[in-house]
Amino acid sequence: MAFANEQALELLATLVPPDSPTGAVPGAVLDLCRKVQAGGEATLTLRSPGPNPLDGVLPPCALRALPLGAPGEKGPSTHTMVLMERVVEKHQIDLEKARATFQLSKREAEVLNLLGLGFTNKKIAELLYISEHTVKDHIKNIMKKLGVGSRGEVVATLR
C-alpha cells in the first residue's frame, strides 16, 4: 500500500485480526486488488473480524477497487486504487411509539419504517405500491409532525 489517508488506515485497522502484524492488509483486500489487476473493477463489503471488542459497534466497510495506469497509455494498469467507506448503519424505529407520540397515520408509519431502513423514495414507492410523489408528501408530513427539516433528522429523532 503506497498511500492511505487517516480514515482508510483506521478502517483497515478494524478489518485485520488483533494478532496481525502492524500495517497488515486484510487478505480480502489483497484478493480484491488481484481481481482488478486481472482486469476490471471489483467491489466487496467487509465486517470487522471477531473476536474484537468493537464487533457490533463498527459498521461494515464497502470497498471498491479500480485499475489505474499512466495517463494516455493503453497497457495494463500499473496501480490499483481502493476506495473505502463505512456503510451507513440502518436504523430500526419503534413504529408504535412513533405513531402514538407524533400522531402518525398507518401509511406514514410504513413510510417511516422504510425510511429508517435506508430506502430511497423510489424504492419506498415500489414497495408500498404508491407514487414517488405520494412518498415525498408522506415524508413532508412526517417531518412536519416531528418538527424536523431533513430525512436524517427524522431518523435521529426516533433513535
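Three principal axis extents, largest first, for the C-alpha atoms of segment 95-157, in Å?
The Cα atoms of segment 95-157 stretch 27, 21, 18 Å along the principal axes, largest first.
Going highest first, how would you order 109-122, 126-139 by mean Cβ packing within 10 Å? Write down the numbers at each step before the final one.
On the way: 109-122: 18.1, 126-139: 15.0.
Top to bottom by mean Cβ count within 10 Å: 109-122, 126-139.
For the residues Arg99, Arg159, what sequence is obtained by ranking on other C-beta atoms within 10 Å, fewest first? Walk me through the numbers before you get to the answer.
Working: Arg99 15, Arg159 9.
Going from sparsest to densest Cβ surroundings: Arg159, Arg99.
If the cut-off is a Cα-Cα distance under 18 Å, which lysines reach Lys145, setting aside same-chain residues fewer than 8 apart in sequence?
Here the lysines satisfying the reach criterion relative to Lys145 are Lys97, Lys106, Lys136.
A short reminder: the numbers here are calculations on the coordinates, not readings from a lab. Remember, it's a predicted structure, so these values are computed and weren't measured experimentally. Glycine also receives a Cβ, built like all others from the backbone with ideal geometry; neighbour counts cover every protein chain displayed.
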